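Everything on this sheet refers to the single structure shown next.
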Amino acid sequence: MGAFKRLRVASLIFLVCIIAFAHVGGASAISRGEVVYEIMTALDLPVVQDGAGFADVSKLTLHGESIQAAKALGILPPFEHFYPTLDATNAEALMFALRALGLFNEAEILDKICEFGEKEDVPPHLTVYLTMAEAMSPKAPELLLSEPAANVSREGLNSLVSWLKNCKRGFIFEKTLEEGPIAVTMHREGVGRPPKLWLVLIDEIPLNAEARARDLTDYLKNLGFPAFIVKQEWAYLVTVGPFMDYVKAHDVKARLPKSMTASIVPYNGSEESPALYWVCLSYDATSETGKIALSSALFGTFKPLSEMAKATGAKAAVNGGYFSETRPIGLVLTDGAISYMPYRGRTAIGWDDSGKVYIGQVEAAAKVVVGSKAEFALDGVNVSPSYHGISVYRPEFGMEVSKLPSDALEVMVREGKVTWKQSAATAKGHYIPPDGFLLVARGNSRQYFANVVLGTEVEIKSSLVPEEFNGAKWAFQAGPPLLRNGREVYANEGFKPSFTDKRHPRTLWGYDGRRIYWVVVDGRDPWHSRGMTLSELKSLAKQFGMKEAVNLDGGGSSGLWWKGALINHSPGGRERPLPYIVYLE
């Protein structure tokens, strides 16, 4: 809604400017309605007629069907009026054209991270579209770019139509921005195609909570909304729709209870779209050191990437590896300490403060040493222990554990010594000391620690295999690997073909021997980006000259943050809460 409000204000300002310019073009000027009609025709966009249109456009309005279709497809914002007979300026015509190509997300991202110099007599919200049009290949018509405040002439409109027809055969928008040691490249290619149907996405619910998804769906139906569940491989999607019209989906979204955070998403068809967007951030590994921040340590719960990036004061951040419910899957090493144990058979990425990188599958050996003699194998870190097992919760997990097995004994260790013991069943809270850890023991292990006296020294010792990984200060697991030592890798590490061979949003970590690369590929949106298969992602990694490349968690988890903003577009425009981020201070 924030973006719509900004666009509404900008549009009102623009209308004032339009009226002021109206005398410039005289009788030869082209109306806004005709510009939209010619753009829709040049790109063979469907004339959708479903739902509420503009109040000042009817079937009797010249080019009315194309104008209403442009609104229904989301090309024109869902405002009340359009003013179709006003003369169109060159800058406005370029904005309509770029949005019809599907470049509205790119414009919004660029507008957040760039400062554009003012152009005389051009409303500020159009400047980003002029900047993009100048950077595109093929480049937009010079006739429109050279005089953006002038009204569109017949010659200018003809050149715009010719350019759009060339863009249909393929176009590239690419822009590289630099700030200190960080370089960011935004890339978009291919004409976006409107989805045939739209959904209002209400919530993503884990697959182990089907009852919760059904309850939410029934609640929406009782309110009169056509709700249903879409089962995906990663979650149940509770949705309302489908709708043939973006505006109708927007109207339904506006009528939902205020407590619901909904988003509008395309319904199928994204994999075949020509549109593709990726963004790459790279930095010198010898001058910048990435760190890992756990959401539980920052907030006590999962939060989206942008919230964690703000909390850490990050200048750049990216999502990491996989997770299940509230727990990362696989190794997470933070500041030299194991925060989560490795997952067998998956690739880990590690690094130290000097910029040295460690890549490969990894295992861990961890034990608890009590006093000077007794040693016990550790079940896990920041997870509940098995029966007869032992686990520890470290401060990076958060201030406390919300739930522990009722048969467990809690042992608080501060500054290396036992300071308190209590039964989990009767404890009022399961607190983690900031200067130590909370040891949790069950079964036979509980019986042993019940007899350990206060003041006894307790230490955690751990090591990683292979040995070289013990040099890493930060690490996490993801996979599968795509490139090793510059050569293609074909190990899928247990991932299904539906994950590897279908197009999805993706996140890639790479290294060329000096620079680290974070690449995010958007997907599941035919207007904006189709996503990539792992084979396509591998080819992209090779284009960058990477020697090492590993696939990270993708889909709704994919996100890249820079200069205080997300520089990709999450599926449905909504971020997914994550267990941790990789970031630069």
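The values are calculated or read from the model by the stated rules, or taken from the named source; none is laboratory data. These numbers were taken from a predicted model, which means no experiment stands behind them. So basically every Cβ, Gly included, is an ideal-geometry build from the backbone, and we count neighbours across all protein chains shown. Side chains included, ligands, DNA and RNA excluded: accessible areas come from the protein's heavy atoms. Shrake-Rupley method; radii C 1.70, N 1.55, O 1.52, S 1.80 Å.
Observations
- Equivalent ellipsoid, segment 224-340 (semi-axes from 5 times Cα gyration tensor eigenvalues, Å): 35, 19, 15
- Heavy-atom accessible area order for 353, 435, largest first, 1.4 Å probe: 353, 435
- Residues whose amide H falls under 5 Å from that of residue 533, counting only those 5 or more places apart or on a different chain, are 504, with hydrogens built in the peptide plane.
- Relative contact order of segment 444-518, pairs being alpha-carbon contacts under 8 Å that are 6 or more residues apart, as %: 12
- Computed from phi, the 3J(HN,Hα) profile of segment 464-474 under the Karplus parametrisation 6.51, -1.76, 1.60 (θ = phi - 60°) reads 10, 10, x, 4, 4, 5, 5, x, 6, 9, 9 Hz, with x in place of Gly and Pro.
- Pairs of alpha carbons in the chain separated by more than 43 Å make up 30% of all such pairs.
- Over segment 363-465, accessible surface divided per residue gives 52 Å², non-protein components excluded, 1.4 Å probe.
- Over segment 363-465: Rg over Rh, Cα atoms, Kirkwood Rh: 0.92
- Relative to the compact-globule estimate of 2.2 N^0.38 Å, the Cα radius of gyration of segment 159-301 comes out at 1.43.
- On the beta carbon distance between residue 56 and residue 423, with R0 = 56 Å, the FRET formula returns roughly 0.20.
- Angstrom value of the Kirkwood radius, inverse mean 1/r, which spans all Cα pairs in segment 463-585: 15.4
- In segment 467-535, trypsin sites (Lys or Arg not before Pro) in a DSSP loop with at most 14 other beta-carbon atoms within 10 Å: 514
- Measuring how big segment 92-200 is from its alpha-carbon positions, Rg and Dmax come out at 14.6, 47 Å.
- Each residue of segment 481-494 was assigned a 3J(HN,Hα) from its phi angle through the Karplus expression (A = 6.51, B = -1.76, C = 1.60, θ = phi - 60°), giving x, 10, 9, 9, 6, x, 10, 5, 10, 10, 8, 8, 6, x Hz with x at Gly and Pro.
- Here the accessible area of the chain is 50 percent carbon and sulfur, with a 1.4 angstrom probe and all protein chains present.
- Once C-alpha pairs closer than 8 Å and six or more residues apart are averaged by separation and normalised to the residue number of the chain, the relative contact order reads 15 percent.
- Cα-Cα P(r), segment 385-429, percent of pairs per 10 Å interval: 23, 61, 16
- The slack in the chain from residue 116 to residue 185, taken as 0.36 nm per residue of separation less the alpha-carbon distance, amounts to 23.1 nm.
- Members of 502/563; 221/248; 112/315 lying beyond 25 Å, as alpha-carbon distances in this model show: 502/563
- Solvent exposure of segment 63-199, expressed per residue, is 38 Å² of accessible area, with all protein chains present and a 1.4 angstrom probe.
- Dipole of segment 32-164, positive direction: furthest Cα of 66, 158, 145, with charges on the beta-carbon: 66
- Trypsin sites (Lys or Arg not before Pro) within segment 174-279, DSSP loop, no more than 10 other Cβ atoms inside 10 Å: 258
- The ellipsoid equivalent to the alpha-carbon distribution of segment 197-267 has semi-axes of 19, 14, 10 angstrom, derived from the gyration tensor eigenvalues as √(5λ) and listed largest first.
- Note on segment 446-494: Kirkwood radius taken over Cα pairs, Stokes-Einstein applied at 20 °C and 1.002 mPa s, translational D equal to 139 µm² s⁻¹.
- Cut-off 13 Å between beta-carbons: net charge of the residues surrounding residue 566, Lys and Arg +1, Asp and Glu -1: -1
- The chain - mean residue ellipticity at 222 nm from DSSP helices (-39,500 (n - 2.57) per run, n ≥ 4, rounded to 500): -8000 deg cm²/dmol
- Volume per residue of the convex hull around the Cα atoms, evaluated for segment 32-164, comes out as 104 Å³.
- Relative contact order of segment 363-465, taken over Cα pairs closer than 8 Å and 6 or more residues apart, is 35 percent.
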